[in-house]
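Reviewing the structure listed below.
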Number of protein chains: 2
Amino acid sequence: MIQLSSAESVDSEHRLILGSRVEGAPVFNRAGETIGHIDDLSIERLTGRTVYAIMSFGGFLGIGEKFHPIPWGLLEYDVERGGYVVPLDKAELKGAPHYEREELVALGGPSHAQFGERIYDYYGAYGPLPPYL
Amino acid sequence: MIQLSSAESVDSEHRLILGSRVEGAPVFNRAGETIGHIDDLSIERLTGRTVYAIMSFGGFLGIGEKFHPIPWGLLEYDVERGGYVVPLDKAELKGAPHYEREELVALGGPSHAQFGERIYDYYGAYGPLPPYL
């Protein structure tokens, strides 16, 4: 039987996580390679619902630092690695909607529905645009 | 008619907000005095739902830096001031559940339901413990 380290056992039992621990958490592809990190979260102000995790893939995609908002539900937490797994390959990520840092504020603004349609359309295979966007 | 500054009009139209903008946002009492800031968020890992805003009241309550998890729904966003209003007076805040920083991780752990009961019981006048805690 594998003995879990203390950090791992804490992680696996944790229902709630601090935002400060999500931001900066590593992101892996399905093969377990580190491909970036979660840079920020996009949260619905009224309900507190996290709509997107804002991923940064740094140099991994060969496009400099751009930010990919990914629907929260797409991410899987990997207890052993202490980070999140994105179930997409490099080409799928490269083609996904991404923005400069200064564009991220607009994501939640008057055009949030257009952003949402574009993002959820892209990730459509993983689920439809939620009714609240 | 009042002319909104650009920052204010952005704020008032924003349905989604970046986590990095919530953390560090000032917190006011009903009289409009700054009493602290939002230090962190406690987020349900599976659903992405923000359960608590973790408030820091620094020296305001005269108890050194302690952290008060407050149900997200209690906070009101004040567009003009660019921060959150807590509808509680100083004595109510001082008596509210608060923790050292190193205790905050436990908030989401195996005892999350006990933490939740204590916190929601205290703020009971503002609404019951949600069924998901």
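Here are some notes:
- The B-A contact accounts for roughly 3500 square angstrom of buried accessible surface, both chains included, probe 1.4 angstrom.
- Average other protein chain Cβ within 10 Å of Cβ, residues B:75-88: 0
- Across peptide B:103-110, the mean count of Cβ atoms from other chains lying within 10 Å of each residue's own Cβ comes to 5.
- Pseudo-label separations to other copies for B:LYS94 - Cα-to-Cβ vector, 7 Å, nm: 6.2
- Simple spin-label estimate for B:GLN114 and B:PHE60 gives 2.9 nm between the two label positions (7 Å along the Cα-to-Cβ direction from each Cα).
- Which of B:VAL85, A:VAL22 is most accessible, then next, and so on - probe 1.4 Å: B:VAL85, A:VAL22
- Virtual spin-label span in nm between A:ALA31 and A:ASP89, 7 Å along Cα→Cβ: 1.0 nm
- Solvent-accessible surface (1.4 Å probe) assigned to A:MET55 amounts to roughly 0 Å².
- Probing with 1.4 Å while keeping every protein chain in the model, the per residue accessible area of the range A:25-106 equals 40 Å².
- Minimum 50 Å² accessible area buried by the other protein chains, the range A:16-45 residues, probe 1.4 Å, relative to alone: A:LEU16, A:ILE17, A:LEU18, A:ASP40, A:ILE43, A:ARG45
The values are calculated or read from the model by the stated rules, or taken from the named source; none is laboratory data. Everything numeric in this text was worked out from a predicted model, so none of it was measured. Cβ coordinates were reconstructed from backbone atoms using ideal geometry, including for glycine residues, and neighbour counts include every protein chain displayed. The protein model used for the area step is the full one, side chains on, heavy atoms only, and it has no ligands, DNA or RNA in it. Shrake-Rupley method; radii C 1.70, N 1.55, O 1.52, S 1.80 Å.
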